[in-house]
Structures are given as C-alpha cells and as structure tokens.
Amino acid sequence: MTPEWERAAQQGDADALSRQISAGADVNALDRYGQSGLMLAALGGHLEAVEVLIRANADLNITAKFRLSATMLAVINGHVSVAKAVAAAGADLGLTGSGAPGFAGKTAAQLAVDRGLEALAKELSPGHAA
C-alpha cells in the first residue's frame, strides 16, 4: 500500500481514492497491519470513500488482526451506515473474529448486539432479507 493510498483511505478522501483507482492503484493493497483501504475507510466511518471502494470491486472480506473485516470494524466503531453499505454490497456476514478483546467467535451481528445496536444486528444477521 502506498502512503498516498493509505492516507486517502484513512482520511476518507473519496476523490483521491478515485483518482488513484483511475491511475491503476491496487484497490486491495494492504497496509503493514494487513488492512485494506476499505477496512481503513470503514474504521474511520468514511461512507463516501467506502462507496468508492465498493464500486471499484474492493474485496469485502479481507480480515486482519483479530480476523476483523471492514463490516466488523464499522460495527465496532459505531459506523452504522458504513456497516450497512458493506453488508449490502455482499460482505460475508458469517465471518467471525478471534482474540481476547471480545471478538472471538463473534459475527458482525453479534458485535452489533454487544454495542447495543439491535436494529443493525438484525440487518447483519446472516440470511436477513433486506
């Protein structure tokens, strides 16, 4: 992952991401922690940037530390609209986290319940009909 790509994803700079994609950037490039641009944008709650990456066919199911995906990172940080967007784009809602901080064996829906986001949890339940 180039520093420019990482910065654009972290800051939610949708225009910069679009320009870099047009110039041939690897939409699934990973940072030194194994996180993709989609994961970084989701972590920060940057919906417009997330939508740009989804349209560019970013892999929705890459996981990094604690096996957390972009959907899960959005949930954990309370970014409901971002979690919904990634899920609606076809993210695997059956992925489960790992590790000691309360992620082990939990799906995005279960993480939403843990955070008191009951309505979101219903939407993120595998098999939920939108």
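The values are calculated or read from the model by the stated rules, or taken from the named source; none is laboratory data. Small disclaimer: the values here were computed from a predicted structure and weren't measured. FYI the Cβ positions are ideal-geometry reconstructions off the backbone, even for glycines, and counts take in every protein chain you see. Just the protein is used for accessible areas: all its heavy atoms, side chains included, with ligands, DNA and RNA removed. Shrake-Rupley method; radii C 1.70, N 1.55, O 1.52, S 1.80 Å.
List of remarks:
- For K106, the requirement of being of a type outside the set (G, A, S), closer than 21 Å to A121 by Cβ, open to solvent by 20 Å² or more (accessible area, probe 1.4 Å) and under 11 Å from the mean Cα position of the chain (by Cα) is not met.
- All conditions but one from (1) open to solvent by less than 40 Å² (accessible area, probe 1.4 Å); (2) over 20 Å from G12 (Cβ atoms) apply to D92; the one that does not is (1).
Yes/no per residue for (1) of a type in the set (K, R); (2) surrounded by 14 or more Cβ atoms within 10 Å (Cβ to Cβ); (3) within 27 Å of G99 (Cβ to Cβ); (4) under 11 Å from the mean Cα position of the chain (by Cα):
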position: A14; (1), (2), (3), (4): no, yes, no, no
position: R19; (1), (2), (3), (4): yes, no, no, no
position: S22; (1), (2), (3), (4): no, no, no, no
position: L30; (1), (2), (3), (4): no, yes, yes, no
position: M39; (1), (2), (3), (4): no, yes, yes, yes
position: A42; (1), (2), (3), (4): no, yes, yes, yes
position: A56; (1), (2), (3), (4): no, yes, no, no
position: I62; (1), (2), (3), (4): no, yes, yes, yes
position: F66; (1), (2), (3), (4): no, yes, yes, no
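- Candidates in the stretch 109-120 are the residues that are of a type in the set (G, A, S) and under 11 Å from A87 (Cβ atoms); of these, the one that is surrounded by the fewest Cβ atoms within 10 Å (Cβ to Cβ) is A109.
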